[in-house]
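Presented below is the structure to which this report refers.
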Amino acid sequence: MSSPSSPMAPPRSFLWSRRIFLTLLTGFVLVPVYVMVSSSLKPLADVTGKFRWLPSGLTVRPYIDIWSTVPLARYFVNSLIVSVAATLCSVVVAVFAAYAVSRYEFRGKRVFTVTVLSTQMFPGILFLLPLFLLYVNIGNATGIALFGSRGGLILTYLTFSLPFSIWMLIGYFDSVPRDLDEAALVDGCGPLGALLRIVVPAAIPGIVAVAVYAFMTAWGEVLFASVMTNDTTRTLAVGLQGYSTLNDVYWNQIMAASLVVSVPVVAGFLLLQRYLVAGLTAGAVK
């Protein structure tokens with residue numbers, strides 16, 4: 001390996017420029033986090049007053065009050081149910097659809113893949129009014145309450161996460177050697193057995209990447225959750241606005257609640273980081 005003074009090493013100006021840039025970038029990322037954490041540990045009067053980098057006093061009261069100011073626990077359960085259900089449905093459907101596209105030839109295969117990919121070209125807000133009218137009409141015609149329900153919100157999130165999940169897993173399954181499928185078929189496995197016993201274990205990084213994407217899409221979505229839910233089915237992303245009232249804005253509680261609701265996503269990302277990176281890399285480069 002070349003030392004910094006060797007002819008092949010980058011110049012010192014480049015090294016120092018990189019260090020300065022990375023330091024500035026780190027500060028740009030960490031300063032908002034510090035402000036959020038420090039504000040969540042201040043009394044409301046200190047947060048609404050003149051900002052101080054070093055708090056004059058610390059309190060954990062905002063972390064206690066966030067559960068009573070708004071029904072945060074109910075919002076948390078709603079978000080967890082919707083996100084987990086949308087993730088499971090997206091992964092299961094995407095696995096079977098991507099495996100069929102990757103391994104079999106059928107009429108309309110190219111049209112299907114192009115259609116799946118083209119759905120990512122349109123902004124989600126274009127689907128808001130059509131889905132709203134569709135859910136209301138289905139409820140009026142059949143009595144199935146999709147509007148204002150968790151089930152309707154899960155279906156809504158599938159319209160975003162499922163096309164991308166299918167497209168990504170197609171690329172990952174293409175990178176899994178077909179010889180594994182053929183060997184499983186020779187050993188007596190059917191197509192379903194080859195998929196579940198051979199291909200799926202080999203594609204765990206890609207499946208994890210798809211699951212993380214689907215979960216994060218559902219967990220932090222605001223637009224559709226604000227329209228498709230009511231007071232009973234409201235999710236965290238929408239429920240946080242409850243800390244803003246006509247009389248005051250509980251900034252310290254908003255910061256505390258934001259940190260609390262970020263814990264599942266951050267913890268999951270850290271635990272699954274190596275699978276996520278491997279899945280995104282293999283899915284992008286066949």
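The values are calculated or read from the model by the stated rules, or taken from the named source; none is laboratory data. What you are looking at is a predicted structure, and each value in this text was computed from that prediction instead of being measured. We place every Cβ from the backbone using ideal geometry, glycine too, and count neighbours over all the protein chains shown. Remember, those area values only see protein heavy atoms, side chains included, never the ligands or the DNA or RNA. Shrake-Rupley method; radii C 1.70, N 1.55, O 1.52, S 1.80 Å.
Could you calculate the FRET efficiency of Leu134 with Leu22 from 1/(1 + (r/R0)^6), where r is the beta carbon distance between them and R0 is 35 Å, rounded to 0.05?
Details: r = 48 Å, r/R0 = 1.38.
Calculated transfer efficiency: 0.15.
How much length is gained on full extension from Leu80 to Ser13, taking 0.36 nm per residue of separation minus their Cα-Cα distance?
Details: separation 67, 0.36 × 67 = 24.12 nm, distance 4.89 nm.
Separation in residues times 0.36 nm, less the Cα-Cα distance, equals 19.2 nm.
May I ask you to derive the FRET efficiency for Thr245 and Val265 from their Cβ-Cβ distance with R0 = 35 Å, giving the value to the nearest 0.05?
On the way: r = 27 Å, r/R0 = 0.77.
Result of the calculation: an efficiency of 0.85.
Write down the accessible area per residue of region 5-134 in Å², having rolled a 1.4 Å probe over the full set of protein chains. Show your work: numbers first, answer last.
Details: 8860 Å² over 130 residues.
The answer is 68 Å² per residue.
Please identify every one of the chymotrypsin sites (Phe, Trp or Tyr not before Pro) in region 97-162 that sits in a loop by DSSP and has no more than 10 other beta carbons within 10 Å of its own beta carbon. Mind showing how you got there, number by number?
On the way: sites: Tyr99, Tyr104, Phe106, Phe112, Phe127, Phe132, Tyr135, Phe147, Tyr157, Phe160; in loops: Tyr104, Phe106, Phe147.
Answer in residue order: Tyr104, Phe106.
With a cap of 12 neighbouring Cβ atoms within 10 Å, and only residues DSSP puts in a loop, list the trypsin sites (Lys or Arg not before Pro) found in region 1-104. It would help to have the intermediate numbers written out before the result.
Details: sites: Arg12, Arg18, Arg19, Lys50, Arg52, Arg74, Arg103; in loops: Lys50, Arg52.
Answer in residue order: Lys50, Arg52.
Would you work out which of Ser149, Phe14, Phe132 lies farthest towards the positive end of the dipole of the chain, given +1 charges on the beta-carbon of Lys and Arg and -1 on that of Asp and Glu, about the Cα centre?
About the Cα centre, the residue reaching furthest to the positive side is Phe14.
Select from Ala184, Val249, Ala209 the residue farthest towards the positive end of the dipole of region 126-267; place +1 on Cβ of Lys and Arg, -1 on Cβ of Asp and Glu, and compute about the Cα centre.
Positive-end residue among those listed: Val249.
Projected onto the charge dipole of the chain (+1 at Lys/Arg Cβ, -1 at Asp/Glu Cβ, origin at the Cα centre), which of Phe160, Val70, Phe51 gives the Cα projection farthest towards the positive end?
Value: Phe51.
Could you size up the charge dipole of region 126-221 around its Cα centre, putting +1 on the beta carbon of Lys and Arg and -1 on that of Asp and Glu, and report it in debye to the nearest 20?
Numbers: 3 positive and 6 negative charges, 78 e Å.
I would put it at about 380 debye.
About the Cα centre of region 1-102, what is the dipole size in debye to 20, counting +1 per Lys and Arg Cβ and -1 per Asp and Glu Cβ, all else neutral?
On the way: 8 positive and 2 negative charges, 74 e Å.
It comes to approximately 360 debye.
With +1 assigned to the C-beta of every Lys and Arg and -1 to the C-beta of every Asp and Glu, and no other charges, what is the dipole magnitude of the chain about the Cα centre in debye, to the nearest 20? Write down the numbers at each step before the final one.
Values: 18 positive and 11 negative charges, 125 e Å.
For this selection, approximately 600 debye.
Semi-axes of the equivalent ellipsoid of the chain: what are they in whole Å, largest first, if each equals the square root of 5 times a C-alpha gyration tensor eigenvalue?
Details: eigenvalues 313, 215, 53 Å².
Result for the chain: semi-axes of 40, 33, 16 Å.
Mind giving me the FRET efficiency for Val111 and Trp53? R0 is 41 Å, r the Cβ-Cβ distance, nearest 0.05 is fine.
Values: r = 58 Å, r/R0 = 1.41.
Calculated value: 0.10.
Hey, in the GNM for the chain with a 10 angstrom Cα cutoff, which one of Leu134, Leu240, Leu153 fluctuates hardest?
Leu134
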